[in-house]
């Protein structure tokens, strides 16, 4: 079973100085919510693979990479370098990237998947920009 964890405070939970103490509430995740989280994860991995096709992105800091991908912390607007670290760790575990002395390199499989993502996105963009052929134009 999977859970969504959120931090909350409650009026009845205070320290000796009267300050609210945060606690965690776990709520069960629905099947749909789990699928949504998995889709977001794959989407972020795809974004990272595409970004790593550009050699300039392979040597920058995780904060700069987060800024280039527009991955920002919601509350502060700072670059979410933690998210970059998690995605890179996942890609490395899947053997889609290698990291050597701070330089990220796509493996042949990683490059193949990144190019595949680019081609799918290009096809989707072309289809969305084409006029709908089923519409009739009144003259």
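Values in this text are rule-based calculations from the coordinates and carry no lab data. Everything numeric in this text was worked out from a predicted model, so none of it was measured. In this analysis, Cβ positions are derived from the backbone assuming ideal geometry, glycine residues included, and neighbour counts consider all displayed protein chains.
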Item to check | Acute angle (nearest 10 degrees) that the helix 108-129 long axis makes with the longest principal axis of the chain, alpha-carbon atoms | outcome: 80
Item to check | Sum of -39500 (n - 2.57) over DSSP H runs of 4+, divided by residues of the chain (222 nm, nearest 500) | outcome: -15000 deg cm²/dmol
Checklist entry - Taking the Cα-to-Cβ direction at residue 111 and at residue 64 and moving 7 Å from each Cα, how far apart do the two end points lie in nm? => result 2.3
Next on the checklist: Report the per residue volume, in Å³, of the convex hull enclosing the C-alpha atoms of segment 39-112.
Outcome noted: 82
Checklist entry - In a solvent-free Debye calculation with one equal scatterer on each Cα, what is log10 I(q)/I(0) for the chain at q = 0.11, 0.20 Å⁻¹, listed in the order of the q values? => result -0.63, -1.20
Next on the checklist: Using a 7 Å offset from Cα along Cα-Cβ at residue 3, what residues in segment 30-45 end up with backbone N under 18 Å from the label point?
Outcome noted: 30-31, 33-34
Checklist outcome for this item: Percent antiparallel among DSSP beta bridges confined to the chain, rounded to 5, stands at 100
Checklist outcome for this item: At R0 = 25 Å the Cβ-Cβ FRET efficiency linking residue 93 and residue 19, nearest 0.05, sits at 0.05
Checklist outcome for this item: So the FRET efficiency between residue 103 and residue 82, C-beta based with R0 = 25 Å and rounded to 0.05, is 0.75
Item to check | Burial ordering of 87, 120, fewest other beta-carbon atoms within 10 Å first | outcome: 120, 87
Checklist entry - So, in nm, how far is label residue 11 from label residue 27 when the simple model puts each one 7 Å beyond its Cα toward the Cβ? => result 2.1
Checklist entry - Normalised by the residues of segment 31-114, what does the relative contact order come to in percent, with Cα pairs under 8 Å and at least six apart? => result 29
Next on the checklist: Between segment 1-53 and segment 54-106, how far is it from one alpha carbon centroid to the other, in angstrom?
Outcome noted: 21
